[in-house]
Amino acid sequence: MKGTNGSDIEGLTLPIDEDFDPNIQLDNLAPKTTPASTIDVKLWAQTICSQLVLYLGHWPLWSGCQTSSSVCEQHDSPALGSELGAAVLSAPHVQLLRLGDHTLASFVELPAIDPPCGGTTPGLMTSDRQVRVLLRDICGKACWDASALYYDPLICSSEPPEPLPLPTTVDSPRDNTLSSLPPPLPPDLLPDYKNSPPDKHQLDHVLAYIGHTSPEVACGRRLDEAGASPLAPGAEDELVCALVAHRNAERLYLATRDSDDECEAGAGGAREAAGPFEQSRVLIAQLGTLSAARRAHAQLLRRSDRLLRELRNLDQQRCRETHKVAVIYVGKGQETRNEILSNRCGSPAYEAFLAALAWEVELESHVGFAGGLRGGGGGGVSAPYVATLTLEALFHVATRMPADSPDAILNKTRHLGNDEVHVVWSEHWRPYKRDTLPTQFCDVLIVLYPLPGGLLRCTVSRKPDVAVFGPLWEECIIRVGCSAALVRGAAFAGGRAVRATMPLYQHACSERARDLDALVAHHTLPATFETFVTRVREPVPPAAPQRDSALPPDQSSGRLANALLDHGASSWGGGEPHSVSPRPTKRLGPFKRPPPAATPQPPAPRHNR
């Protein structure tokens, strides 16, 4: 423990091996001083609750699904360009809002992408526009497409009009009800859905059965018999006729509505076109944003280039912790770097370890964290990937990357050398040396040596400034069955220990929460209720007409203010009408009419007051 050479101890003999150093490095055993914790417990609790609601049971990701959407405001709008730029600020169909203290919402109105009735129930229709809602919060960015769903009455307008019922006389019995039919079932039979005939209501059978089994409630008449009409004689027939006539009139109007609109359009009376933000404002209002209770939570955002720049920066951030881990295979007798990096595959035990370490993803179609690898390039075709509620990790496996040329081996060396944590599966009889793959990184090195009996010997080494972590430690023996879970946990813990040594390092959720708070604080536009409602209806207010455009802005505004102050005066000097006051703009007091300058006037006589 104190670094004493084993050969100096009396009575202790060790085998002579030039590659074996019996001196124990004190840096790996000395206690490390960890920095004070700066974890915001409230923020972490809020993040975990949101992630549990959104992503619980979401792993592994199914094909084409993302936890954080990459859709932006300019998508499906060719006039806004290919990126989030200045054209979004002047777009009349885009509105930027703040919902609550930690959520940013963008409402974008677009033409309907799907055809009418596409994906809906037959008989239901969607509008010709849809509203795209982009939500940015602490868990990432989400995109929803909403469309108004309604029932089109034109479907039933083709039905023939219902004939008007003939009025009945006062003395005729009311035989137009189903209750007047004789019951086809015995009255002592309990009705159910199996023995009920289709030409009669089930309630009639139930009433007949109750009246037969319990005659005390019948009061001398059948329970399924229709009672006397509360209306005057003949009034019921008139009411039914009026209702049927009204229904036929509505059907006739719906049948001729489209032809009348076409005729009006042909005659120059076209219908007024809906505004570019028509459906979006309806959705915003129906979501309860305009209610008095939600007024303090919904605010407008200032449209500026700085807002777009910070939104782009926020979209580039990860909402979860990410890790890149290098996995290297060393075969028997392999000493040099080129021999080790030229392996295309490993032993069956190594391949089983990789299969248990993470699930294999195709890099070309992978939508999660890629760790700097791109499909079809120097990163290979596939790679092990794992994700949880709070982190994503991709393993740079040396045997998965191409090694058919010196450039490919150099590219593989760059990918592996830039990783902070290296996991080495060594089947060589010599211990693995850290300088086998020269790199300035590799702050944590975990080496696995297979042993007989399904066991593994683990060595864990780290740089002096990296704190102690678990669950693996130096010279521990583990079973092969649990090696993947232990190595995966140790690799992530080692990556966190390395990042803890970096100055001003923040977790992904802390950094995202800080940027969200900055966006809310710097870009919220306080507005009255009237202004808020007006901007919800029209995201971009119409430009005000300019006056005195030939004059500088300060001079024209000064003249306009003087004209307003002097409103009501009829003449100056010679009695001609005036439009702009000759007084300085800062003089606001009462004025006196100056004497005419054409001819001198005699002094006015004095009067006693």
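Quick rundown of the values:
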read-out	value
Which numbered condition Thr388 fails, given (1) at pLDDT below 85; (2) of a type in the set (S, T, N, Q); (3) over 20 Å from Gln317 (Cβ atoms)	(3)
Residues satisfying the stated conditions in region 305-322, i.e. open to solvent by less than 60 Å² (accessible area, probe 1.4 Å) and not in a strand (DSSP E or B)	Leu307, Leu308, Glu310, Leu311, Leu314, Asp315, Gln317, Cys319, Arg320
Members of region 387-411 that are of a type in the set (S, T, N, Q) and in a helix (DSSP H, G or I)	Thr399, Asn411
Count - residues of region 383-425 that are open to solvent by 30 Å² or more (accessible area, probe 1.4 Å) and of a type in the set (Ser, Thr, Tyr)	3
Considering residues of region 449-506 that are open to solvent by 40 Å² or more (accessible area, probe 1.4 Å) and aromatic (Phe, Trp, Tyr) only, the residue modelled with the highest pLDDT	Trp473
Test: residue in region 338-354 that is in contact with a Pro (Cβ under 9 Å, 6 or more places away or on another chain), modelled with pLDDT of 90 or more and open to solvent by 60 Å² or more (accessible area, probe 1.4 Å)	no
In region 68-90, the residues that are of a type outside the set (Gly, Ala, Ser), open to solvent by 40 Å² or more (accessible area, probe 1.4 Å) and more than 19 Å from the chain's Cα centre (by Cα)	Pro78
Counted residues, region 515-568 - those being at pLDDT below 60 and acidic (Asp, Glu)	3
Lone unmet requirement of (1) surrounded by fewer than 18 Cβ atoms within 10 Å (Cβ to Cβ); (2) without any contact (Cβ under 8 Å) to a residue 60 or more places away in the chain; (3) not in a helix (DSSP H, G or I) for Leu445	(1)
Any pair with Cβ under 6 angstrom, 6 or more apart, that starts in region 385-396 at a residue that is over 15 Å from Ala326 (Cα atoms) and ends at one that is of a type in the set (A, V, I, L, M, F, W, C)	Ala387/Trp59
Residue under evaluation Ala36, criteria (1) farther than 30 Å from Pro431 by Cβ; (2) at pLDDT below 85; (3) in a helix (DSSP H, G or I), criterion not met	(3)
Region 209-257: number of residues that are open to solvent by 70 Å² or more (accessible area, probe 1.4 Å) and more than 30 Å from Asp188 (Cα to Cα)	12
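Here's the yes/no breakdown for (1) without any contact (Cβ under 8 Å) to a residue 60 or more places away in the chain; (2) among the charged types (D, E, K, R); (3) in a strand (DSSP E or B):
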| site | (1), (2), (3) |
| --- | --- |
| Ala293 | yes, no, no |
| Arg303 | no, yes, no |
| Ile328 | no, no, yes |
| Gly333 | no, no, no |
| Glu339 | yes, yes, no |
| Arg344 | yes, yes, no |
| Ser365 | no, no, no |
| Gly368 | no, no, no |
| Gly371 | yes, no, no |
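The values are calculated or read from the model by the stated rules, or taken from the named source; none is laboratory data. Since this is a predicted model, take the numbers as computed values, not measurements. Because the Cβ atoms are built from the backbone with ideal geometry, glycine has one as well, and the counts that use them run over all protein chains shown. Just the protein is used for accessible areas: all its heavy atoms, side chains included, with ligands, DNA and RNA removed. Shrake-Rupley method; radii C 1.70, N 1.55, O 1.52, S 1.80 Å.
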